[in-house]
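Just below is one structure, and these are the notes that go with it.
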Amino acid sequence: SNQYARQKTHLWRKEEMAILIGVQTLIDDNPKLTLRYWEGKNPIRLILDPNNRAPKNSTIYKDNNVAYFFNHKKNDVTNELKKFILLKPYGIDALLNFCYDNELQSILVEGGKKTLDAFIDSNLWDEARVITSQSKIHGGIKAPRLEKEIVFSETLDSNKLDYFFN
C-alpha cells in the first residue's frame with residue numbers, strides 16, 4: 001500500500017544532486033539511498049560521520065555508487081567512489097562550503113533526527129516535506145518540529161504529506 005509513497009520519495013532523490021544522512025541512520029538502517037523506482041542517475045550519498053563510525057560492511061560503503069564520508073579526522077580515498085572528507089571546523093557550514101566548491105547545488109537531507117535538527121536549527125533549508133502516517137508508532141525517535149506554517153498538503157497512500165518552505 002505504500003508503493004506510491006516509495007516511488008514519490010525515489011522521484012525526489014532523482015531530482016537532487018546529493019542525498020545526506022547522519023552516520024547513526026547508516027548504522028541503524030543500512031540504507032541504499034539510490035534510485036530503485038526511477039531511471040536516472042543516483043544522487044551522490046553524503047554521510048556525516050565525524051568519528052568514522054560507518055560500518056565497513058554497510059551497503060553504502062560496499063556498493064558501486066559514489067559516497068562521501070565527512071569527518072574531522074582524515075582525508076582519504078578508498079577508491080574512486082568512496083571518499084573521506086576532512087571538515088575543519090567540522091559542521092554544517094563546512095559541509096555546505098564543500099558542496100558549493102564541488103558544484104553540488106541541491107541536497108536532499110533524508111535524516112536522522114540529529115542531522116535534520118542541525119539544518120533546522122541553523123535555518124539552512126529551503127523546503128521540508130513531512131510524511132505523517134495514520135498508524136500509531138510506538139517507541140522510536142520523535143520527529144523534528146518545524147516552526148513554520150504548512151504551505152500545502154496532499155495524501156500519499158494512507159499518509160499525509162505536508163510541504164513547508166523557508
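The values are calculated or read from the model by the stated rules, or taken from the named source; none is laboratory data. These figures come from a predicted structure and were not determined experimentally. With ideal geometry, Cβ positions are generated from the backbone for all residues, glycine too; neighbour counts draw on all protein chains shown. Accessible surface is based on the protein model in full, side chains and every heavy atom, while ligands, DNA and RNA are left aside. Shrake-Rupley method; radii C 1.70, N 1.55, O 1.52, S 1.80 Å.
Tabulated data for the structure shown
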item: Lone unmet requirement of (1) open to solvent by less than 50 Å² (accessible area, probe 1.4 Å); (2) modelled with pLDDT of 95 or more; (3) within 21 Å of Leu33 (Cα to Cα); (4) over 17 Å from the mean Cα position of the chain (by Cα) for Leu87; result: (3)
item: Condition broken by Gly112, with the remaining ones in (1) modelled with pLDDT of 90 or more; (2) open to solvent by less than 50 Å² (accessible area, probe 1.4 Å) satisfied; result: (1)
item: Residue count for the stretch 35-47, restricted to those that are assigned to a strand (DSSP E or B) and open to solvent by 20 Å² or more (accessible area, probe 1.4 Å); result: 1
item: Tally of residues being more than 13 Å from the chain's Cα centre (by Cα), touching a residue at least 24 places away in the same chain (Cβ under 8 Å) and over 17 Å from Glu16 (Cα atoms) across the stretch 95-121; result: 1
item: The stretch 24-35 residues that are in contact (Cβ under 8 Å) with a residue 24 or more places away in the chain, paired with ones that are small (Gly, Ala, Ser) (beta carbon under 7 Å, 6 or more apart); result: Gln24/Gly112; Thr25/Gly111; Thr25/Gly112; Leu26/Ala54; Leu26/Ser58; Asn30/Ser58
item: Any hit, the stretch 2-14, residues being closer than 24 Å to Gln105 by Cβ and small (Gly, Ala, Ser); result: no
item: Cβ pairs under 8 Å, 6+ apart, first in the stretch 137-163 and on the phi > 0 side of the Ramachandran plot, second in a loop (DSSP other than H, G, I, E, B); result: Asp157/Ser1; Asp157/Asn2
item: Those residues of the stretch 119-145 which are in contact with a helix residue (DSSP H, G or I) (Cβ under 7 Å, 6 or more places away or on another chain) and within 21 Å of Gly91 (Cα to Cα), in sequence order; result: Phe119, Ser122, Leu124, Trp125, Pro144
item: Given (1) more than 24 Å from Leu11 (Cα to Cα); (2) in contact with a helix residue (DSSP H, G or I) (Cβ under 8 Å, 6 or more places away or on another chain), index of the condition Glu149 fails; result: (2)
item: Selection status of Asp63, open to solvent by less than 50 Å² (accessible area, probe 1.4 Å), out of contact with any Gly (no Cβ under 9 Å at 6 or more places or on another chain) and in contact (Cβ under 8 Å) with a residue 24 or more places away in the chain; result: yes
item: Condition check for Lys160: modelled with pLDDT under 90, open to solvent by 80 Å² or more (accessible area, probe 1.4 Å) and outside any helix (DSSP H, G or I); result: no
item: The stretch 92-109, residues that are surrounded by 16 or more Cβ atoms within 10 Å (Cβ to Cβ) and part of a loop (DSSP other than H, G, I, E, B); result: Leu104
